[in-house]
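Colleague: Below is one structure. I have some questions about it.
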Amino acid sequence: MRRQTMFWAALVAIGMVFFGTLFSGALEDNPWLFAGYWFGCAWLSFLMLMLAVYDGMALRAELLAEEKRLNAEFFGSSSVQKKQK
């Protein structure tokens, strides 16, 4: 879900930058529209950045949990087998 959100936010932000530069004349006529438009683009970019940081932290937590599980499975079973002999 978070990666789909990042994808769509990136797609919209890229589209906003493209259309903002293409139709910059219409935006420059109204300073509030200009500021609001580029603020929205900046907000989407910030959203993508925060989702990327969150995704990296979540991925790291998943990897650490999996590493602990594998270590417990591998070393736990070998120590049990040694104790039985």
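The values are calculated or read from the model by the stated rules, or taken from the named source; none is laboratory data. Keep in mind that this is a model prediction, so the values were computed, not measured. Backbone-built Cβ (ideal geometry, glycine too); neighbour counts: all protein chains shown.
Colleague: Are any of the residues in the range 1-12 without any contact (Cβ under 8 Å) to a residue 12 or more places away in the chain, β-branched (Val, Ile, Thr) and surrounded by fewer than 14 Cβ atoms within 10 Å (Cβ to Cβ)? Full working, then the answer.
Modeller: Of all residues in the range 1-12, those without any contact (Cβ under 8 Å) to a residue 12 or more places away in the chain come to 1, 4, 7-8, 11.
Those left that are additionally β-branched (Val, Ile, Thr): none.
No, the range 1-12 contains no residue that is without any contact (Cβ under 8 Å) to a residue 12 or more places away in the chain, β-branched (Val, Ile, Thr) and surrounded by fewer than 14 Cβ atoms within 10 Å (Cβ to Cβ).
Colleague: A follow-up question, please. List the residue pairs whose Cβ atoms are under 7 Å apart, where the first residue sits in the range 44-58 and is surrounded by 12 or more Cβ atoms within 10 Å (Cβ to Cβ), the second is among the polar types (S, T, N, Q), and the two are 6 or more positions apart or on different chains.
Modeller: Close Cβ pairs satisfying both conditions: 51/5.
Colleague: Check off (1) at pLDDT 85 or above; (2) small (Gly, Ala, Ser); (3) surrounded by 12 or more Cβ atoms within 10 Å (Cβ to Cβ) for residue 72 and give me the number that stays unchecked.
Modeller: Status for residue 72: all satisfied but (3).
Colleague: Something else: Would you mind finding the one in 40, 56 that is in contact with a helix residue (DSSP H, G or I) (Cβ under 9 Å, 6 or more places away or on another chain), modelled with pLDDT of 90 or more and in a helix (DSSP H, G or I)?
Modeller: 40
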